[in-house]
Amino acid sequence: MEYSVERALAAPPDQVYAAWTTPERFARWFGPRIFTTPPGRVVLDPRPGGAWQATLVGEHGFEATLGGFYQEASVPDRLVFTSGAALVTVTLRGERDGTVLRFQHLGAAEEHVRAAWLESLDRLAEHLGVRP
């Protein structure tokens, strides 16, 4: 499944980039709302060949660990990484009043994976502020 999404965010590109590459900030928005993502269970090494991993914790002890490897990390405007069998590209374009984030997902994924990413991007927008 291939899809792309854009979000207009109130934060500048360096702050959006930090939200993707700093474990404490990433943990605030990553994953569907029914899960928590403990900062101590997030590993981010944003450089080509570096790994990322995040564990989502749900009710009754349920846990799901997701991850992959970075292919590109260009501060503060681009991240390319694998997520399972998919390739994700995050492009940040600074504008006078914030940042336009473009999220592109290439590769096989069930509808629940798409829904989880969309909910995560909604949470990211809430975390950083949405441009009017």
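The values are calculated or read from the model by the stated rules, or taken from the named source; none is laboratory data. On a predicted model such as this, the values are computed, not experimentally measured, just so you know. Please note: Cβ atoms are built from the backbone with ideal geometry, for glycine as well, and neighbour counts cover all protein chains shown. To get the accessible areas, we keep the full protein, side chains included, count just its heavy atoms, and leave off ligands, DNA and RNA. Shrake-Rupley method; radii C 1.70, N 1.55, O 1.52, S 1.80 Å.
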Any chance A108 is under 18 Å from A27 (Cα atoms) and either out of contact with any Cys (no Cβ under 8 Å at 6 or more places or on another chain) or surrounded by fewer than 13 Cβ atoms within 10 Å (Cβ to Cβ) (or both): no
Among (1) at pLDDT 95 or above; (2) exposed (fewer than 15 other Cβ atoms within 10 Å of the Cβ); (3) touching a strand residue (DSSP E or B) at 6+ places or on another chain (Cβ under 9 Å); (4) closer than 25 Å to A10 by Cβ - the single one R47 does not satisfy: (4)
Only unsatisfied item for V57, checking (1) more than 19 Å from R114 (Cβ to Cβ); (2) out of contact with any Asp or Glu (no Cβ under 8 Å at 6 or more places or on another chain); (3) free of Cβ contacts under 8 Å to residues at least 40 places away in the same chain, is (2)
Checking the condition open to solvent by 50 Å² or more (accessible area, probe 1.4 Å) and not charged (D, E, K, R), which residue from P32, P39, P13 passes? P39
Name the pairs: first residue in segment 34-54 and within 16 Å of V90 (Cβ to Cβ) and of a type outside the set (S, T, Y), second residue open to solvent by less than 40 Å² (accessible area, probe 1.4 Å) and assigned to a loop (DSSP other than H, G, I, E, B), Cβ to Cβ under 7 Å, at least 6 apart or on different chains? A54/F30; A54/T37
Hits in segment 71-105 - residues which are on the phi > 0 side of the Ramachandran plot and open to solvent by 30 Å² or more (accessible area, probe 1.4 Å): G84
